[in-house]
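Engineer: One structure follows; several queries about it will come next.
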Amino acid sequence: KFPIRWARERGFLYGVTGSVEEWRYRNGLDGEPAVGLTVQVVDLPAQRVVWSASGAKAGWGRDTLAGTAQSLLKSLLKELALK
């Protein structure tokens with residue numbers, strides 16, 4: 001909660017927070033990357049979540065965890081309507 005309080009005290013209107021539910025290479029011959037993420041946009045003055053998305057993605061054996069996570073994050077953020 002500290003970063004949200006810090007941002008609110010400085011007049012920021014929105015904050016982005018999230019969590020990582022899965023971050024690993026799966027067991028097996030190819031060791032595919034597996035990632036699960038949740039992202040939230042918070043209206044700081046109102047102290048409420050105004051947008052949220054969760055997803056999971058598995059890559060191929062040649063893919064990296066970071067690359068798989070970036071791809072998932074990009075697809076989640078496509079749904080965020082910005083004005």
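Engineer: In terms of solvent-accessible area of protein heavy atoms at a 1.4 angstrom probe, what is the ranking of L73, L65, highest value first?
Structural biologist: Result of the area sort, largest leading: L73, L65.
Engineer: What is the Cα convex hull volume of the chain when expressed per residue in Å³?
Structural biologist: Normalising the Cα hull of the chain by residue number yields 96 Å³.
Engineer: Between A69, G59, V39, whose Cα lies farthest towards the positive end of the dipole of the chain when Lys and Arg beta carbons carry +1 and Asp and Glu beta carbons carry -1, centred on the Cα centre?
Structural biologist: Going by the Cα projections, it comes out as V39.
Engineer: Can you give me the distance in nm between label points at S52 and N27, each placed 7 Å from the Cα along the Cα-to-Cβ direction?
Structural biologist: Spacing of the two 7 Å Cα→Cβ label points: 3.3 nm.
Engineer: For K78, what accessible area in Å² do you get when you roll a 1.4 Å probe over the heavy atoms of the protein chains, rounding to the nearest 10?
Structural biologist: So the heavy atoms of K78 present about 150 Å² to solvent.
Engineer: To the nearest 20 debye, what is the magnitude of the charge dipole of the chain about its Cα centre, counting +1 on the Cβ of each Lys and Arg and -1 on the Cβ of each Asp and Glu?
Structural biologist: Around 340 debye, computed over the chain.
Engineer: Please give the contour-minus-distance gain from L82 to R10: 0.36 nm per residue of separation, less the Cα-Cα distance, rounded to one decimal in nm.
Structural biologist: 23.7 nm
Engineer: Hey, can you find the accessible area per residue of the chain for me, probe 1.4 Å, expressed in square angstrom?
Structural biologist: 74
Engineer: Could you please put Y14, Y25 in sequence from largest to smallest accessible area, using a 1.4 Å probe?
Structural biologist: Y14, Y25
The values are calculated or read from the model by the stated rules, or taken from the named source; none is laboratory data. The structure displayed is predicted, hence computed values, not measured ones. With ideal geometry, Cβ positions are generated from the backbone for all residues, glycine too; neighbour counts draw on all protein chains shown. What goes into the accessible areas is simple: the full protein's heavy atoms, side chains included, and nothing from ligands, DNA or RNA. Shrake-Rupley method; radii C 1.70, N 1.55, O 1.52, S 1.80 Å.
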